[in-house]
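Each remark here refers to the structure printed beneath this line.
The values are calculated or read from the model by the stated rules, or taken from the named source; none is laboratory data. A quick note: this is a predicted structure, and the numbers were derived from the prediction, not measured. With ideal geometry, Cβ positions are generated from the backbone for all residues, glycine too; neighbour counts draw on all protein chains shown. Side chains are part of the model used for accessible areas, which takes the heavy atoms of the whole protein and leaves out ligands, DNA and RNA. Shrake-Rupley method; radii C 1.70, N 1.55, O 1.52, S 1.80 Å.
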Amino acid sequence: MDLNDRTVVVTGGSQGIGATTAEHFPAAAARVLRVARTAPNLSAGAERVGGDYLVADLPEAPEVDRLHPT
């Protein structure tokens, strides 16, 4: 799959399935944005395989606006 110059948003990206999923996208040339409520695991994952992270609780409407401002 060619995801060159695409951004993939992975929610729950700090641990478990979300973290594992986020680690596979750089191999497809995608930029990765990990989103979760806990900062330490997010930053560690971003440092390990690259990408950015956003600490947010997405069920809250203002947090969704931070993810994609209008």
| query | In the stretch 10-19, is there at least one residue being open to solvent by less than 50 Å² (accessible area, probe 1.4 Å), in contact (Cβ under 8 Å) with a residue 24 or more places away in the chain and hydroxyl-bearing (S, T, Y)? | reply | yes
| message | Please count how many residues of the stretch 20-43 are open to solvent by 50 Å² or more (accessible area, probe 1.4 Å), at pLDDT below 90 and hydroxyl-bearing (S, T, Y). | response | 1
